[in-house]
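Trainee: Following this message is one structure expressed as structure tokens.
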Amino acid sequence: MRNAQARRVLGGEFETSGPLCLGASSGRLGLERGLGGTWVASGRAGLFLILRKLRRSGVRQVHLPAYLCESVLLPIKALGLDFSFYPVEASLTARPDPPRDSAVVLLHYFGWLNPASAVLRSQGAASFHLVEDFSHALLSEWGNVEERREGLHLFFSARKLGPAPLGGWCTAEAEPGKPSTEMELAAWRSLAARLLKRDYLASPDAAVDPKVEDLYLSAFEAVESFLNARPDEAALPAFVLDLVAGLDWQDIAERRRSNWMTVHDLLAGTVEPLAPDLPSDTVPLGYVVRLDEEKRDNVRRALADRRIFCPVHWPLPKEVDRRRFPEARRLSRTLLTLPIDQRYGEAEMEIVANELRRALG
Ligand SMILES: Cc1ncc(COP(=O)(O)O)c(C=O)c1O
């Protein structure tokens with residue numbers, strides 16, 4: 001008989017870590033870098049508020065990178081705005097050709113400031129409105145945002161880099177009001193799933209219990225489905241802000257950087273990393289590697305069989321024309337994001353590197 005598999009996992013949604021902080025937040029967390037704006041339910045709700053404000057000033061079109069996460073499209077559709085796509089290079093440099101008076105969304109992929117930022121920041125305002133998505137780069141340096149307060153539009157999501165149940169922030173000033181009962185439920189459900197996962201993983205050598213795994217995975221899914229259905233719902237339950245404020249973001253940043261460098265050394269010469277090095281002002285989302293198109297999904301499956309879960313950034317939304325944007329298609333089919341987050345240290349990074357080598361054959 002096959003031995004029961006142990007439940008320890010690497011990757012996947014964040015389980016809760018450390019003590020839960022409630023009632024501690026003053027409403028400003030420091031993640032906003034002293035800028036004025038609004039805490040909201042999600043990154044997409046942040047984009048919704050920014051675009052709603054721009055629509056009031058006459059913006060009708062949003063220009064987006066062809067390589068993007070489907071959730072970024074949702075607030076645009078909810079607002080009934082037109083949208084178009086622009087190419088992104090293999091290096092992830094954005095190459096927009098901004099239609100006049102449009103809103104141009106710029107993604108800072110995987111924690112790195114987009115190499116096109118400086119040029120776009122200097123061109124913006126006069127003929128288009130630059131909207132920067134820092135969801136992956138929440139903890140990295142943002143560049144000269146302080147100097148650009150006027151006409152600055154940026155947003156982030158809080159739960160890509162840490163165990164926040166929900167949450168996002170944007171530079172649009174708004175009064176989101178009271179959260180709906182459904183949003184309160186989504187927040188509690190997200191927290192419950194994280195607590196359940198934490199308790200389950202507290203016995204890493206015990207056997208896998210599919211029922212418990214289904215329970216927290218389906219709770220995470222239900223929260224994402226709710227957010228997909230309500231990209232326009234901005235009000236964030238207050239306790240979530242406390243939880244986000246209670247996370248040690250400095251420690252998160254340091255551990256991520258240290259793990260990235262460990263894996264980078266361990267995998268040197270084995271695989272092509274998306275980024276050749278880690279600048280001192282960058283906090284990575286993951287360790288992203290480029291694999292052959294024929295291999296990527298097999299490698300991902302082989303790692304999942306060993307309980308190492310790697311997200312795909314991203315399955316392209318159906319609206320992106322693959323023939324017009326072959327590089328976006330290639331990125332979507334060749335990149336694999338290895339987990340290097342704060343939950344792990346050197347021992348886990350060795351497992352990730354060894355299992356990747358093994359999966360590559
Ligand atoms: C780059 C990027 N921006 C924005 C979002 C939307 O954030 P949220 O899920 O909080 O709405 C996502 C979601 O995965 C994302 O990957």
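Trainee: Output the residues belonging to region 169-187 that are surrounded by fewer than 16 Cβ atoms within 10 Å (Cβ to Cβ) and among the β-branched types (Val, Ile, Thr).
Mentor: Matches in region 169-187: Thr181 only.
So that you can scan it fast, the table gives a plain yes or no per residue for (1) within 30 Å of Ala186 (Cα to Cα); (2) buried (at least 20 other Cβ atoms within 10 Å of the Cβ):
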residue	(1), (2)
Pro115	no, no
Ala118	no, no
His129	no, yes
His153	yes, yes
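Trainee: In region 212-221, which residues are within 16 Å of the ligand (Cβ to nearest atom) and not aromatic (Phe, Trp, Tyr)?
Mentor: Of everything in region 212-221, those that are within 16 Å of the ligand (Cβ to nearest atom) and not aromatic (Phe, Trp, Tyr) turn out to be Ala219, Glu221.
For (1) closer than 29 Å to Leu73 by Cα; (2) of a type in the set (Ser, Thr, Tyr); (3) modelled with pLDDT under 95, each residue gets a yes or a no:
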site	(1), (2), (3)
Ala302	no, no, no
Val312	yes, no, yes
Glu319	yes, no, no
Arg324	yes, no, no
Arg329	yes, no, no
Pro339	yes, no, no
Asn354	no, no, no
Arg358	no, no, no
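Trainee: Within region 207-236, which residues are in contact with a Phe, Trp or Tyr (Cβ under 8 Å, 6 or more places away or on another chain) and surrounded by 20 or more Cβ atoms within 10 Å (Cβ to Cβ)? Can you show your working first?
Mentor: Within region 207-236, the subset in contact with a Phe, Trp or Tyr (Cβ under 8 Å, 6 or more places away or on another chain) is 209, 212-213, 216, 231-232, 234, 236.
Tyr216, Pro231, Ala234, Leu236 - these are the residues of region 207-236 that are in contact with a Phe, Trp or Tyr (Cβ under 8 Å, 6 or more places away or on another chain) and surrounded by 20 or more Cβ atoms within 10 Å (Cβ to Cβ).
Trainee: Here's another thing I want to ask about it. What are the residues in region 325-361 that are in a loop (DSSP other than H, G, I, E, B) and in contact (Cβ under 8 Å) with a residue 40 or more places away in the chain, if any?
Mentor: Phe325, Pro339, Ile340, Asp341, Gln342, Arg343, Tyr344, Gly345
Trainee: Pairs please, first residue from region 240-253 and over 16 Å from Pro284 (Cα atoms), second anywhere and part of a helix (DSSP H, G or I) and not aliphatic (A, V, I, L, M), Cβ atoms under 9 Å, 6+ apart in sequence or on different chains.
Mentor: Val240/Ser190
Trainee: Something else: Are there any pairs with C-beta distances below 8 angstrom linking a residue in region 59-73 that is among the charged types (D, E, K, R) to a residue that is within 10 Å of the ligand (Cβ to nearest atom), with the two at least 6 apart or on different chains, and if so which?
Mentor: Pairs found: Glu70/Trp314.
Trainee: Right, here's the next one. Taking only region 258-315 into account, find how many residues are among the β-branched types (Val, Ile, Thr), assigned to a strand (DSSP E or B) and closer than 14 Å to Leu335 by Cα.
Mentor: Matching residues across region 258-315 total 2.
Trainee: Applying the selection to region 127-147, what residues are within 12 Å of the ligand (Cβ to nearest atom) and among the hydroxyl-bearing types (Ser, Thr, Tyr)? Full working, then the answer.
Mentor: Taking region 127-147 first, the residues within 12 Å of the ligand (Cβ to nearest atom) are 131-138.
The answer is Ser135, and nothing else.
Trainee: For region 300-324, give me the residue count where each residue is over 22 Å from the mean Cα position of the chain (by Cα) and in contact (Cβ under 8 Å) with a residue 24 or more places away in the chain.
Mentor: Within region 300-324, the first condition is being over 22 Å from the mean Cα position of the chain (by Cα), and the residues that meet it are 302, 305-306, 321-324.
Applying the additional criterion that residues be in contact (Cβ under 8 Å) with a residue 24 or more places away in the chain yields 302, 306, 321, 324.
Adding up the residues that qualify gives 4.
Trainee: Please determine, by comparing only the residues of region 254-290 that are of a type in the set (Lys, Arg) and in contact (Cβ under 8 Å) with a residue 60 or more places away in the chain, which one is farthest from His108 (Cα to Cα).
Mentor: Arg255
Trainee: If Gly162 satisfies every condition in (1) of a type outside the set (Val, Ile, Thr); (2) in a helix (DSSP H, G or I); (3) closer than 19 Å to Cys69 by Cα but one, which is the exception?
Mentor: Failing condition for Gly162: (2).
Trainee: Hey, another quick one. Kindly provide the set of residues from region 93-146 that are at pLDDT 95 or above and polar (S, T, N, Q), ordered by number.
Mentor: Thr93, Ser102, Asn114, Ser135, Ser140
Trainee: Could you identify the single residue in Glu150, Glu173, Glu182, Glu224 that is part of a helix (DSSP H, G or I) and either over 30 Å from Leu113 (Cα atoms) or more than 16 Å from the ligand (Cβ to nearest atom) (or both)? If you could, list the steps in order and put the result at the bottom.
Mentor: Details: Glu150 fails: part of a helix (DSSP H, G or I); Glu173 fails: part of a helix (DSSP H, G or I); Glu224 fails: either over 30 Å from Leu113 (Cα atoms) or more than 16 Å from the ligand (Cβ to nearest atom) (or both).
The unique qualifying residue is Glu182.
Trainee: Now a separate question. Just to check your reading of the model, which residue among Ala206, Ala158 is touching a helix residue (DSSP H, G or I) at 6+ places or on another chain (Cβ under 6 Å) and in contact (Cβ under 8 Å) with a residue 24 or more places away in the chain?
Mentor: The match here is Ala158.
Trainee: Report, by residue number, each residue of region 80-99 that is surrounded by 19 or more Cβ atoms within 10 Å (Cβ to Cβ) and in contact (Cβ under 8 Å) with a residue 60 or more places away in the chain.
Mentor: Phe85, Val88, Leu92 - these are the residues of region 80-99 that are surrounded by 19 or more Cβ atoms within 10 Å (Cβ to Cβ) and in contact (Cβ under 8 Å) with a residue 60 or more places away in the chain.
Trainee: Which residue is farthest from the chain's Cα centre (by Cα), if the candidates are limited to region 100-122 and must be farther than 19 Å from Ala328 by Cα and without any contact (Cβ under 8 Å) to a residue 24 or more places away in the chain?
Mentor: Here the residue is Ser122.
The values are calculated or read from the model by the stated rules, or taken from the named source; none is laboratory data. Please read all numbers here as calculations on a predicted model, not as lab measurements. Backbone-built Cβ (ideal geometry, glycine too); neighbour counts: all protein chains shown.
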